[in-house]
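Reading through the structure tokens given below for one structure.
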Amino acid sequence: MMNLKKILISGILMGLPLAVGLTGCAGSVTEEEGEEAQIQSQVEEQEGSPSAVVNPNQAGQEELLNLPHLDAALVEGILQRRPFLSMTELTAFLSESLGEEQRAELYVQLFVPMNLNTTAEEDFLLVPGVGSRLAHEFEEYRPYQAMAQFRREIGKYVDEEEVARLEQYVFVPVNLNTASDEEILTIPGVGPRLLHEFKEYRPYDSIEQFRREIGKYVSEEEVSRLERYVTL
């Protein structure tokens, strides 16, 4: 259960009236605030779960079938259409079959990580448990140089456990010419072999060079997906 300080901060960041943040029952709650509170409740129900947030571009068929609201047809559609280069693309596809509440429940466990430096502030609202106040704080500290900066700045508003949860939904692009092995390996789908190829062509003069060189090893679609996670 959240302590009083966390309740206060969470209530403020999600745009809830102070009385609601304190007691969870006093005061009038708007429809938007009620939806945010419902999503936060769903997130809290997931706390302590050993399952990490699944990237739809990396998950296998069986893993996807174990997620809420995904039937065989939807899973097949995800496998055929991926890579999804943004949550907007994934949402557009899922909206054909799932309602807003179902998608909100699903996004607790299935998410395309968002670039902290380029994602529109309003799109951060797709991150489970993030309301308008916290979405603004995500945007406020740009440009992010590393995830350590995100942990430090957002840690001013939520506790360490919540920062760790939020990290699963966002990323900071790594510099192709200066990133360490450990930083490059944080890119979803990059293992030791591709790490070697990333470093092999340093220094990169442009993203076009990255596309050309890494395109020797993976498909054009995969290059487009990987490109989201790098910068110069």
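The values are calculated or read from the model by the stated rules, or taken from the named source; none is laboratory data. Not measured: the values here are computed from a predicted model. With ideal geometry, Cβ positions are generated from the backbone for all residues, glycine too; neighbour counts draw on all protein chains shown.
Tell me which helices (runs of 4 or more DSSP H) are completely within the stretch 108-200 and hold 2 or more residues being within 27 Å of E213 (Cα to Cα) and assigned by TED's automatic domain parsing to the domain that holds E222, or say none if there are none.
Where helices (runs of 4 or more DSSP H) fall fully within the stretch 108-200 and carry at least 2 residues being within 27 Å of E213 (Cα to Cα) and assigned by TED's automatic domain parsing to the domain that holds E222, they are 181-184, 192-200.
If I filter the stretch 213-229 for residues that are assigned to a helix (DSSP H, G or I) and farther than 23 Å from R81 by Cα, do I get at least one hit?
Checking the stretch 213-229: at least one residue is assigned to a helix (DSSP H, G or I) and farther than 23 Å from R81 by Cα.
Within the set of pairs 6+ apart or on separate chains, which have a first residue in the stretch 157-176 that is at pLDDT 95 or above, a second that is among the basic types (K, R), and C-beta atoms under 6 Å apart?
That search, which allows pairs on different chains as well, returns D159/K6; V163/R151.
Here's a check for you: in the stretch 111-141, which residue that is free of Cβ contacts under 8 Å to residues at least 40 places away in the same chain and farther than 19 Å from T88 by Cβ is surrounded by the most Cβ atoms within 10 Å (Cβ to Cβ)?
The residue in question is Y141.
Does G77 meet the test of being over 13 Å from the mean Cα position of the chain (by Cα) and more than 26 Å from L226 (Cβ to Cβ)?
No.
Given the conditions (1) within 18 Å of the chain's Cα centre (by Cα); (2) modelled with pLDDT of 95 or more; (3) under 30 Å from T231 (Cα atoms); (4) not acidic (D, E), which single one is not true for R103?
Checking R103 against (1) within 18 Å of the chain's Cα centre (by Cα); (2) modelled with pLDDT of 95 or more; (3) under 30 Å from T231 (Cα atoms); (4) not acidic (D, E), the one that fails is (3).
Scan the stretch 176-189 residue by residue and report those that are aliphatic (A, V, I, L, M) and either at positive phi or surrounded by 17 or more Cβ atoms within 10 Å (Cβ to Cβ) (or both).
Result: L176, A179, I184, I187.
Taking only pairs six or more apart or across chains, which ones have beta-carbon atoms under 7 Å, a first residue in the stretch 87-99 that is β-branched (V, I, T), and a second residue that is exposed (fewer than 14 other Cβ atoms within 10 Å of the Cβ) and in a helix (DSSP H, G or I)?
Within 7 Å, no pair qualifies.
Mind listing whichever residues of the stretch 195-232 are of a type in the set (D, E) and either surrounded by 14 or more Cβ atoms within 10 Å (Cβ to Cβ) or without any contact (Cβ under 8 Å) to a residue 40 or more places away in the chain (or both)?
E197, E200, D205, E208, E213, E220, E222, E227
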